[in-house]
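Q: Before we start, here is the structure in question, set down as structure tokens.
The values are calculated or read from the model by the stated rules, or taken from the named source; none is laboratory data. Note that this is a predicted model, so its numbers are computed, not measured. No Cβ is skipped: glycine too gets one built from the backbone with ideal geometry, and neighbour counts run over all protein chains shown.
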Amino acid sequence: MPVWTWLAPALSFALLGIAGITGVGLLIATLCAIGLVGAVIAAVHHAEVVAHRVGEPFGTLVLAVAVTVIEVSLVLSMMFAGGYDMATLPRDTIYAAVMIICTGVVGLCVLMGGLAHHEQTFRVEGSGAGLAALIVMSALTLVLPVFTTTTPGGTYSTMQLGFVAVASALLWAIFVFIQTVRHRDYFIPVVGADDLDVHAKPPTLRLAWASLGLLFLSLVAVVGLAKMLSPMIEHGVTVAGAPRAVVGIVIAMLVLLPEAWAATRAARADRLQTSMNLAIGSALASIGLTIPVVVVAAIAFGLPLVLGLEPKDLVLLAVTFLVSAVTLGSGRTHVMQGAVHLVLFGAFLFLALVP
């Protein structure tokens, strides 16, 4: 195991401890940002080691679930600390995650893969089923609260929250079962000729366990450093006069960095199926794991929770799913499709800053 692969997360974790003790000034913030990048690179490396040992699609599932679990912890901690000011944080974070993944990550993967290999293929059966589940989960979570009449202001009643939480968790669990047991072959990538790492000898069991531990350490460091930097991000957003939802977008982008990097590397290696596994799996986990936990916490502790999106965001979400259905419908991608997704991603970011 190369020295940097364990030194980077160790130093990042140490920086996290120092920032917690001394506070986050300009110097510490700069070091935290550098440490965050190092932790992201290390997380991707260790996720690839684990994936090489256990095979697809288990490898991508490990990274997606690990990132989402830690993201949920971050959201809950901020909800408890912020009270009514954080009532829309779960909504903003989930919406940002879905948009970042479906427009930014997918667009970048398709574009980079198209530039390197002209045209790429993946299994429609797996990605299409995942997209269908994602559309339903997003509609239940982010769209319907705007139109229900039991409670006002984009909120759900307690019974409605319970139904949405169970439905989201159930759909995610069924998808994982399909992905790992019943139809695992729908998610196994075709090895590209340029992907020399896949042909390498699998790591030993001991090395795989070590990488799994360092993966979690790296992800904890990523989310912890992102949380440390969030006050400065909030201050910067306030000074710039941008909407508060931008904070959720920035945090989601920081947390999703490991998955975005891993997905892009896979696309460059002509393994677009792995990229799609990461993208769709991450988006599903973001809702399927976050919503049940947040709902339980909101009901148990009386935390305010607003899930319904604004009209502008509803339109962007609908267009994103329409374009995604076209992109994922043929099983073949090229540069133009990646460009379309990235334009949508740019529109999402621009309209978040200038609503």
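Q: Report every pair of residues separated by at least 6 positions or lying on different chains whose Cβ atoms are under 6 Å apart, first residue within region 230-242 and under 17 Å from residue 355 (Cβ atoms), second surrounded by 14 or more Cβ atoms within 10 Å (Cβ to Cβ).
A: The qualifying pairs are 237/246; 237/247; 242/353.
Q: Pick out the one residue from 314, 349 that is at pLDDT 95 or above, assigned to a helix (DSSP H, G or I) and under 21 Å from the mean Cα position of the chain (by Cα).
A: When all the criteria are applied, what remains is 314.
Q: Is there a residue in region 243-253 that is modelled with pLDDT of 75 or more, surrounded by fewer than 18 Cβ atoms within 10 Å (Cβ to Cβ), touching a helix residue (DSSP H, G or I) at 6+ places or on another chain (Cβ under 7 Å) and in a helix (DSSP H, G or I)?
A: yes
Q: Same structure, new question: Counting just the residues of region 317-338 that are among the small types (Gly, Ala, Ser) and loosely packed, with under 14 Cβ neighbours inside 10 Å, which one comes out modelled with the highest pLDDT?
A: 325
Q: Write out, first by first residue and then by second, each pair whose Cβ atoms fall under 7 Å of each other, whose residues are 6+ apart or on separate chains, and whose first residue, in region 299-311, is touching a residue at least 12 places away in the same chain (Cβ under 8 Å) and among the aliphatic types (A, V, I, L, M) while the second is surrounded by fewer than 18 Cβ atoms within 10 Å (Cβ to Cβ) and part of a loop (DSSP other than H, G, I, E, B).
A: Close Cβ pairs satisfying both conditions: 306/153.
Q: I want to confirm something. Restricting to region 317-334 and keeping residues that are β-branched (Val, Ile, Thr) and assigned to a helix (DSSP H, G or I), which single residue is farthest from residue 272 (Cα to Cα)?
A: Per the stated criteria, the residue is 319.
Q: Considering every residue within region 258-278, establish whether at least one is touching a helix residue (DSSP H, G or I) at 6+ places or on another chain (Cβ under 8 Å), of a type in the set (A, V, I, L, M), modelled with pLDDT of 90 or more and surrounded by fewer than 17 Cβ atoms within 10 Å (Cβ to Cβ).
A: no
Q: Might you let me know whether region 165-174 holds any residue that is farther than 25 Å from residue 300 by Cβ and either at pLDDT below 95 or surrounded by fewer than 18 Cβ atoms within 10 Å (Cβ to Cβ) (or both)?
A: yes
Q: Return the only residue of 160, 179 being within 30 Å of residue 118 (Cα to Cα), modelled with pLDDT of 85 or more and of a type in the set (S, T, N, Q).
A: After applying the criteria, what remains is 179.
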